[in-house]
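Trainee: Here it is, the structure, as structure tokens.
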Amino acid sequence: MRKLFQIAFMCCAAVFCTSAFAASDHGSAEEAKALVQKVIASMKANGREKTIAEINDMQSTRFRDRDLYVTINDMSMKNLAHGANAKMQGKDLIDLKDADGKPFMRERLDLVKSKGKGWQDYKFVNPVTKQIEPKSMYFEKYEDLIINCGIYK
């Protein structure tokens with residue numbers, strides 16, 4: 001009986017450790033929100049230009065964590081900073097659509113104007129897996145900027 005209990009315990013521990021390890025590969029909603037607030041704090045302390053430059057520096061990891069990265073848009077949805085894809089920096093993204101044809105950038109702009117901050121769901125390419133995955137983006141308006149960080153589900 002004792003041997004059976006030990007085996008059952010080891011199996012449960014293995015399942016727990018495996019799921020905890022897999023979960024650690026992905027950022028959480030709380031971590032995404034905290035990263036947005038870290039960017040806002042940096043802008044207040046160091047200025048916009050320095051913070052944006054650091055996010056755009058693909059060698060910097062201050063505003064990146066596993067599959068979490070920050071993007072910044074102005075109120076016309078021009079991308080000012082993209083922590084995972086330098087090709088997106090400086091692009092007008094207002095007409096960008098997800099894999100299902102959802103105009104998610106227009107939707108986000110409407111949400112920012114009506115709520116100031118919150119969550120938005122759509123599909124996007126995960127820079128880690130290179131696959132289109134469901135994503136939830138946390139956004140927060142700071143002055144005339146939109147600071148974003150999302151989680152892949």
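Trainee: Taking the stated definitions as given, is Ile52 within 13 Å of Ile146 (Cβ to Cβ) and part of a helix (DSSP H, G or I)?
Mentor: yes
Trainee: Now, a different point. Which count do you get for residues in the range 61-73 that are assigned to a loop (DSSP other than H, G, I, E, B) and either open to solvent by 50 Å² or more (accessible area, probe 1.4 Å) or within 16 Å of Val125 (Cβ to Cβ) (or both)?
Mentor: 4
Trainee: Take the range 74-121 and flag every residue that is basic (Lys, Arg) and part of a loop (DSSP other than H, G, I, E, B).
Mentor: Passing the criteria: Lys91, Lys97, Lys102.
Trainee: A further question on this structure: Sort through Lys141, Lys87 and tell me the only one that's closer than 21 Å to Ser60 by Cβ and open to solvent by 60 Å² or more (accessible area, probe 1.4 Å).
Mentor: Values: Lys141 fails: closer than 21 Å to Ser60 by Cβ.
Just one listed residue meets the conditions, Lys87.
Matching residues to (1) modelled with pLDDT under 95; (2) in contact with a Gly (Cβ under 9 Å, 6 or more places away or on another chain):
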| position | (1), (2) |
| --- | --- |
| Leu111 | no, yes |
| Lys117 | no, no |
| Phe124 | yes, yes |
| Thr129 | yes, no |
| Pro134 | no, no |
| Tyr138 | no, yes |
| Glu143 | no, no |
| Cys149 | no, yes |
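Trainee: Out of (1) open to solvent by 40 Å² or more (accessible area, probe 1.4 Å); (2) in contact with a strand residue (DSSP E or B) (Cβ under 9 Å, 6 or more places away or on another chain); (3) of a type outside the set (A, V, I, L, M); (4) assigned to a loop (DSSP other than H, G, I, E, B), what's the single condition that is false for Lys130?
Mentor: (2)
Trainee: Asp98: more than 23 Å from Thr129 (Cβ to Cβ) and either more than 15 Å from the chain's Cα centre (by Cα) or modelled with pLDDT of 95 or more (or both), yes or no? Spell out how you get there, then give the answer.
Mentor: On the way: more than 23 Å from Thr129 (Cβ to Cβ): no; either more than 15 Å from the chain's Cα centre (by Cα) or modelled with pLDDT of 95 or more (or both): yes.
Answer is no for this residue.
Trainee: Cβ-Cβ under 6 Å, sequence separation 6+ or interchain: first residue in the range 132-153 and closer than 16 Å to Gly118 by Cβ, partner assigned to a strand (DSSP E or B) and of a type in the set (Lys, Arg). Which pairs?
Mentor: Glu140/Lys117; Gly150/Lys135
The values are calculated or read from the model by the stated rules, or taken from the named source; none is laboratory data. Here the structure is a predicted model, which is why all the values come from computation and not from measurement. Neighbour counts run over all protein chains shown; Cβ positions are idealised from the backbone, glycine included. These accessible areas exclude ligands, DNA and RNA; they are computed on the full protein's heavy atoms, side chains included. Shrake-Rupley method; radii C 1.70, N 1.55, O 1.52, S 1.80 Å.
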